[in-house]
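The values are calculated or read from the model by the stated rules, or taken from the named source; none is laboratory data. Keep in mind that this is a model prediction, so the values were computed, not measured. Note that we place each Cβ from the backbone using ideal geometry, even for glycine, and neighbour counts take in every protein chain shown. Accessible surface areas use protein heavy atoms only, side chains included; no ligands, DNA or RNA. Shrake-Rupley method; radii C 1.70, N 1.55, O 1.52, S 1.80 Å.
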Amino acid sequence: MSKFIDRVVLHVRAGKGGHGCASVHREKFKPLGGPDGGNGGNGGDVVLEVDGNVHTLLDFHFHPHAKAGNGKPGEGGNRDGKTGGDLLLKVPDGTVVLDKDGEILADLVGVGNRYVAARGGRGGLGNASLASKARKAPGFALLGEDGEERELVLELKSVADVGLVGFPSAGKSSLVSVLSAAKPKIADYPFTTLVPNLGVVASGDTTFTIADVPGLIPGASEGRGLGLDFLRHLERCAVLAHVVDCATLEPGRDPVSDVDALEAELAAYKPALAADAGLGDLADRPRVVILNKTDVPDAAELAEMVTAEFAERGWPVFEISAVSRAGLRPLTFALADLVREYREAHPKAAPKRPVIRPIAVDESGFSVIADPDEPGGFIVRGTRPERWVRQTQFDNDEAVGYLADRLARLGVEDELVRLGAEPGAPVTIGDVSFDWEPQISAGIDRVPTGRGTDVRLEQSDRVSAAERKHASRVRRGLVTEDEDRS
C-alpha cells in the first residue's frame, strides 16, 4: 500500500565543474606548438519540475539525497570537457520549497513550473584560455568549482477549489465519494482519513476540485491531533465547507459548537502562502455549512433548529445525507457558483515568459575587514576573490602568481595597504589563509622563468654564493663595495 507523504527534507548537491587542462601542443618539427589545454565542463544543476502524474513526495521520503552529474576535465588538443548532466526531479503540483530556516524559496504551481534547487559549479579554464602576450604558454590551469549543496524542505499543499472541514467522522470522505469518482477509505471510527482525498466534481459547465482534509479537533492550529500536518492543505482552497455531523451522540457536542470550535482554529492558523496565493487568511474565505446525516430522524430535527442561526451569519446552509444522497444537487450547484465567482474575481495569470539570467561574471565588489580571531589579520570577502581562490592550484607557483596578479588588479592589495596591513599579516580569502607579502610586484605582467614557476615567489633572504664571494673580495681590499659583483 502506497503512503501519502506531504513533507520531506531533501539534500541536493549540484555537480562539480571539471578542471581545466594544462597542455602544450607537441608535434614533430613544431617545438613551439603553444598551449592547447581545454576547459573543464560545467557541473549539472538539480532542478525541481511540476509533473501532473506525481501526487505525493513519497520518492523523496525514501531517497532524500539527490546529486547531479559532474563536469568532465578538459584535455589536450583544445578539447573541452563534457558538461555534467542536470538532475530533473519531478514534484507534485502545489509543492512549496523552503530552506532549512523556513523561508519560502519557490511555490511550484502549474504543470511544467521549474525551480533550480542547486546550481552546478563552473568548469576551470584550460591554459589555452589563459594565454596572454606575457604568458604565452601558461604552465597551469584553473580548477573546477564545487556545485551548490543545500538542504531543502518540500511541503505539498493540495490544489483544490473547495476544502471540506469538520470533526472526525463527520462524513467528509463519504461526501467526496458521492460527489466525485474518488473512492476514499470510509469507516465508522475517528481519524479514518489520514491523508487528504481529492475529487473532481462536474456541475453544469463548471468543473472544480474538492478536498477532504483529515478530521480537525480543537487545538489543531497548535499541532493537536493531525493539526498542522493537514491545515496547510486548506491554504489554496477558495471556498471552505463545514461538514457537520448532526447525528453525533457525543455529549457536549452540537452543530453550532462544532463550527465555532473549528472557526477558532481556522482563525488562529496563519497560512504561510497568504501573499503568494492571494487568498488571505483562512478566516476570510467564503463559507458553506453542510448539515450531514439528515437521514436520521433526530438529526433532521436538529438541522432544522440550527439552520436559522447559521443563516444569520450570512453562510449558505444545506441539509444533506451522503448515504441517501438527499440534497446533493443544490449543494453541488451552490459550490459551483462560489467557485465560478472566485475564478471571475481572480482570473488565471498569463503564463510567464521564461527569464534567462546569465551567471554574472563581472562581480567586482569586495570588502576587507579585520579578522576578529587573528590579531593583525584581515578577511577578504567577495564573489570574485573567493571564486579565484577556489580555482587556484596552490602547488603551482605560476598559478599562485596569477592569483596575486588578479587580486592586485581587483584592488585588494591597495585596500590592504590603506587599512594598514603589515608585511606577513595573515589574510584569509574563502577557506585559504596566507601571509601577505607586499614586496611581491603583483598586477604587472611578467615573463615567467619557466612553466609552473614564478620568479617573484623564488625570493629568499638566504645569501647567494656570488654575494658571499663579493663580500670576501671586499674584505681583502680587491674591490670596493659598489663595484660590480660579477
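Please tell me if residue 53 is buried (at least 22 other Cβ atoms within 10 Å of the Cβ) and either polar (S, T, N, Q) or touching a helix residue (DSSP H, G or I) at 6+ places or on another chain (Cβ under 8 Å) (or both).
Values: buried (at least 22 other Cβ atoms within 10 Å of the Cβ): no; either polar (S, T, N, Q) or touching a helix residue (DSSP H, G or I) at 6+ places or on another chain (Cβ under 8 Å) (or both): yes.
Spelling it out, it is not the case that residue 53 is buried (at least 22 other Cβ atoms within 10 Å of the Cβ) and either polar (S, T, N, Q) or touching a helix residue (DSSP H, G or I) at 6+ places or on another chain (Cβ under 8 Å) (or both).
Name the residue, out of 96, 91, 116, that is open to solvent by 30 Å² or more (accessible area, probe 1.4 Å) and β-branched (Val, Ile, Thr).
Working: 96 fails: open to solvent by 30 Å² or more (accessible area, probe 1.4 Å); 91 fails: open to solvent by 30 Å² or more (accessible area, probe 1.4 Å).
Within the list 96, 91, 116, the selection yields 116.
Could you please find all residues in the stretch 365-383 being among the charged types (D, E, K, R) and open to solvent by less than 50 Å² (accessible area, probe 1.4 Å)?
Pass one, the stretch 365-383, residues among the charged types (D, E, K, R): 371, 373-374, 381.
371, the sole residue that qualifies.
So that you can scan it fast, the table gives a plain yes or no per residue for (1) in a helix (DSSP H, G or I); (2) modelled with pLDDT under 85; (3) touching a Gly at 6+ places or on another chain (Cβ under 7 Å); (4) under 30 Å from residue 109 (Cβ atoms):
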{"site": "283", "(1), (2), (3), (4)": "yes, yes, no, yes"}
{"site": "298", "(1), (2), (3), (4)": "yes, yes, no, no"}
{"site": "309", "(1), (2), (3), (4)": "yes, no, no, no"}
{"site": "334", "(1), (2), (3), (4)": "yes, no, no, yes"}
{"site": "339", "(1), (2), (3), (4)": "yes, no, no, yes"}
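Working only within the stretch 143-190, note down all residues that are at pLDDT 80 or above and part of a loop (DSSP other than H, G, I, E, B).
143, 144, 145, 146, 147, 148, 161, 166, 167
Farther than 27 Å from residue 64 by Cα, at pLDDT 80 or above and part of a loop (DSSP other than H, G, I, E, B), is that true of residue 120? Give the derivation first.
Numbers: farther than 27 Å from residue 64 by Cα: no; at pLDDT 80 or above: yes; part of a loop (DSSP other than H, G, I, E, B): yes.
No; evaluated as a whole, the condition is false for this residue.
Free of Cβ contacts under 8 Å to residues at least 40 places away in the same chain, out of contact with any Pro (no Cβ under 6 Å at 6 or more places or on another chain), on the phi > 0 side of the Ramachandran plot and not aliphatic (A, V, I, L, M), is that true of residue 29?
Working: free of Cβ contacts under 8 Å to residues at least 40 places away in the same chain: yes; out of contact with any Pro (no Cβ under 6 Å at 6 or more places or on another chain): yes; on the phi > 0 side of the Ramachandran plot: yes; not aliphatic (A, V, I, L, M): yes.
So residue 29 passes the test.
Tell me which residues, restricted to the stretch 123-140, are among the hydroxyl-bearing types (Ser, Thr, Tyr) and modelled with pLDDT of 85 or more.
Here is the first cut: in the stretch 123-140, the ones among the hydroxyl-bearing types (Ser, Thr, Tyr) are 129, 132.
Matches in the stretch 123-140: 129 only.
Hey, could you check the stretch 311-332 for residues that are among the aliphatic types (A, V, I, L, M) and modelled with pLDDT of 85 or more and say which is nearest to residue 298 (Cα to Cα)?
320
How many residues does the stretch 123-137 contain that are open to solvent by 20 Å² or more (accessible area, probe 1.4 Å), closer than 17 Å to residue 38 by Cβ and either in a loop (DSSP other than H, G, I, E, B) or aromatic (Phe, Trp, Tyr) (or both)?
Total meeting the criteria: 3.
Is it true that residue 85 is of a type in the set (Gly, Ala, Ser) and buried (at least 22 other Cβ atoms within 10 Å of the Cβ)? Quick ask: steps written out before the conclusion?
On the way: of a type in the set (Gly, Ala, Ser): yes; buried (at least 22 other Cβ atoms within 10 Å of the Cβ): no.
Against the criterion (of a type in the set (Gly, Ala, Ser) and buried (at least 22 other Cβ atoms within 10 Å of the Cβ)), residue 85 does not qualify.
Does the stretch 387-438 hold any residues that are of a type in the set (Lys, Arg) and over 35 Å from the mean Cα position of the chain (by Cα), and which are they?
418
Taking the conditions exactly as written (surrounded by 18 or more Cβ atoms within 10 Å (Cβ to Cβ), modelled with pLDDT of 80 or more and more than 21 Å from residue 245 (Cα to Cα)), does residue 205 satisfy them or not? Before you say what the answer is, go through the steps one by one.
Details: surrounded by 18 or more Cβ atoms within 10 Å (Cβ to Cβ): no; modelled with pLDDT of 80 or more: yes; more than 21 Å from residue 245 (Cα to Cα): yes.
It is false that residue 205 is surrounded by 18 or more Cβ atoms within 10 Å (Cβ to Cβ), modelled with pLDDT of 80 or more and more than 21 Å from residue 245 (Cα to Cα).
How many residues does the stretch 3-32 contain that are touching a Lys or Arg at 6+ places or on another chain (Cβ under 6 Å) and more than 30 Å from residue 234 (Cα to Cα)? Walk me through it before giving the result.
Taking the stretch 3-32 first, the residues touching a Lys or Arg at 6+ places or on another chain (Cβ under 6 Å) are 12-14, 17-18.
With more than 30 Å from residue 234 (Cα to Cα) added as a condition, the list becomes 13-14, 17-18.
Count: 4.
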